[in-house]
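The values are calculated or read from the model by the stated rules, or taken from the named source; none is laboratory data. Worth saying up front: this structure is predicted, and the values here are computed from it rather than measured. Cβ placement follows ideal geometry from the backbone for every residue including glycine, while neighbour counts extend to all protein chains displayed.
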Amino acid sequence: MKKRLSLLALPAGMLLSAGAHAQSSVTLYGIVDAGIAYVHNAQSSNGQNQSTLVKFSSGNVSGSRWGLKGTEDLGGGLAAVFQLENGFNAGTGTFGQGSREFGRKAVVGLSGNTWGAVTLGRQYDPIVDLVQGLTEDAYFGGVFGTPGDLDNYDNSLRVSNSIKYVSPVFGGLQVEALYALGGVAGATGSGRTYSFGAAYGNGPLSLGAGYFFANGGNSLTNGLRTWTSSSDSLFNTVINSGFASAKSIQIVRAGGQYVVGAATFGAAYSNTQYGSDAFSAFRETARFNNGSVFFNYQFTPALRAGVGYNYTSLTGPSSAHYNQVNLGGDYAVSKRTDFYALFGYQKASGKTLNSNGAAVSAEASIGDFGVNSGSNSQDVAVVGIRHKF
């Protein structure tokens with residue numbers, strides 16, 4: 001449940017603003033998600049394999065966060081809007097998203113009843129807005145995600161310095177478009193990001209699709225590109241770290257789900273391409289194709305369980321395959337508090353590239369959990385609690 005801040009809780013500057021615009025409102029909200037994780041096949045920092053890893057784990061189903069959002073009625077169906085959202089680690093209290101104060105979201109804009117909304121700042125791209133909610137990520141988080149979150153299944157990536165348009169819903173159809181400035185003098189395309197997408201809902205059926213492109217910028221380290229884009233990078237695990245010097249990321253993603261009584265069926269597909277040039281450690285476009293399916297059942301108003309399968313293949317400079325199965329369960333003890341249990345198993349085969357562009361055996365790394373295995377298989381089990389406010 002979201003709580004509205006009273007005027008007494010606001011700083012003096014906001015008190016003046018609220019006094020001048022009586023139709024303004026500010027809402028405080030957040031999620032704290034924490035648990036204990038067991039990982040079979042986890043690689044230590046010195047590169048030596050560990051048979052098991054037991055760790056405190058934050059943000060397993062939903063990223064831990066707190067935020068402020070507000071509106072000001074400008075009249076005539078027009079409103080000014082803002083949202084600031086901070087991500088944090090519940091185990092350590094430290095900032096997430098590269099230690100940014102508002103790394104999850106920081107936007108301001110205008111919203112109209114008839115034409116939609118325009119927001120400026122750091123925000124999610126249209127694929128996240130319109131497709132992610134149709135995948136198992138919406139129910140059980142990134143453990144179910146694409147290996148290494150290489151296609152932004154679990155929204156590891158946000159876009160800074162961006163402008164986004166969101167349309168109203170017309171007959172079940174909604175569209176979005178985003179453009180982010182690279183900010184490089186004399187090179188307009190360097191570091192830029194653009195994306196667009198559409199979603200349609202009609203009764204039990206929901207569909208969504210979108211396109212995303214980000215230029216990696218022109219910063220070099222030892223002759224190789226260092227990602228300096230308006231979008232964050234996705235090169236967080238051994239699944240795709242060998243392509244961190246890519247000149248661009250291109251993602252096409254589509255998903256859908258169908259609800260029949262207490263059952264929900266879903267499927268999604270993505271094609272992710274990491275482009276190369278003379279400043280990349282690899283010389284041929286790396287193409288990841290991913291397909292996923294899931295099934296959920298709502299046994300009671302409080303209890304939901306789900307199962308999913310995720311397959312990923314890499315072609316181009318090397319060839320690798322990743323098969324992943326997942327289980328999840330969630331039990332709500334109130335409208336704001338729930339307990340969950342998650343499990344994932346992944347098997348990798350074939351060859352991929354390391355950061356130097358050399359062919360190496362493919363390693364497993366489940367979903368967006370972010371633990372390298374040092375092996376061709378990995379198991380993850382997580383239990384935890386989530387509280388929303």
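Remarks
- Looking across region 87-101 at every residue that is touching a Phe, Trp or Tyr at 6+ places or on another chain (Cβ under 9 Å) and in a loop (DSSP other than H, G, I, E, B), the one that is nearest to Ile163 (Cα to Cα) is identified as Glu101.
- Taking the conditions (1) part of a loop (DSSP other than H, G, I, E, B); (2) modelled with pLDDT under 95; (3) under 30 Å from Ala34 (Cα atoms); (4) not hydroxyl-bearing (Ser, Thr, Tyr) in turn, Gly182 satisfies each one other than (3).
- Among residues of region 97-108, those that are at positive phi and small (Gly, Ala, Ser), counted: 2
- Exactly one residue among Ser292, Ser361 is under 24 Å from the mean Cα position of the chain (by Cα) and under 19 Å from Leu150 (Cα atoms), and that residue is Ser292.
- Filter pass, Leu78 being touching a helix residue (DSSP H, G or I) at 6+ places or on another chain (Cβ under 8 Å) and either on the phi < 0 side of the Ramachandran plot or modelled with pLDDT under 95 (or both): no
- Test for Tyr200: is it under 30 Å from Ser219 (Cβ atoms) and in a strand (DSSP E or B): no
- The selection criterion, being in contact with a helix residue (DSSP H, G or I) (Cβ under 8 Å, 6 or more places away or on another chain), surrounded by 15 or more Cβ atoms within 10 Å (Cβ to Cβ), in a strand (DSSP E or B) and modelled with pLDDT of 95 or more, does not hold for Gly350.
- Selection count, region 203-228, where residues are more than 17 Å from Gln273 (Cβ to Cβ), small (Gly, Ala, Ser) and in a loop (DSSP other than H, G, I, E, B): 4
- In the set (1) touching a residue at least 24 places away in the same chain (Cβ under 8 Å); (2) surrounded by fewer than 19 Cβ atoms within 10 Å (Cβ to Cβ); (3) in a strand (DSSP E or B), Phe279 fails one condition alone, (3).
- Residues that are surrounded by 15 or more Cβ atoms within 10 Å (Cβ to Cβ) and among the hydrophobic types (A, V, I, L, M, F, W, C) were ranked within region 83-114; the one that is farthest from Asp232 (Cα to Cα) is Leu110.
- Criterion: in contact with a helix residue (DSSP H, G or I) (Cβ under 9 Å, 6 or more places away or on another chain) and either touching a residue at least 60 places away in the same chain (Cβ under 8 Å) or crowded, with 21+ Cβ neighbours inside 10 Å (or both) - qualifying residue of Gly255, Gly242: Gly255
- Qualifying residue in region 153-167 (condition: among the aliphatic types (A, V, I, L, M) and within 17 Å of the chain's Cα centre (by Cα)): yes
- Remark: Tyr269 matches the filter, which requires a residue to be among the hydroxyl-bearing types (Ser, Thr, Tyr) and free of Cβ contacts under 8 Å to residues at least 24 places away in the same chain.
- Count - residues of region 200-238 that are within 21 Å of Tyr269 (Cα to Cα), in contact with a strand residue (DSSP E or B) (Cβ under 9 Å, 6 or more places away or on another chain) and not aromatic (Phe, Trp, Tyr): 11
- Number of the condition not met by Ala80 [criteria: (1) part of a helix (DSSP H, G or I); (2) surrounded by fewer than 16 Cβ atoms within 10 Å (Cβ to Cβ); (3) touching an Asp or Glu at 6+ places or on another chain (Cβ under 8 Å); (4) not aromatic (Phe, Trp, Tyr)]: (1)
- Apart from one condition, Thr188 fits all of (1) of a type in the set (S, T, N, Q); (2) surrounded by fewer than 16 Cβ atoms within 10 Å (Cβ to Cβ); (3) under 20 Å from Ser292 (Cα atoms); the exception is (3).
- A count restricted to region 282-310 and to residues that are within 30 Å of Phe213 (Cβ to Cβ) and not in a strand (DSSP E or B) stands at 4.
- Restricting region 367-385 to residues that are of a type in the set (A, V, I, L, M) and not in a loop (DSSP other than H, G, I, E, B), the residue that is nearest to Gly63 (Cα to Cα): Ile385
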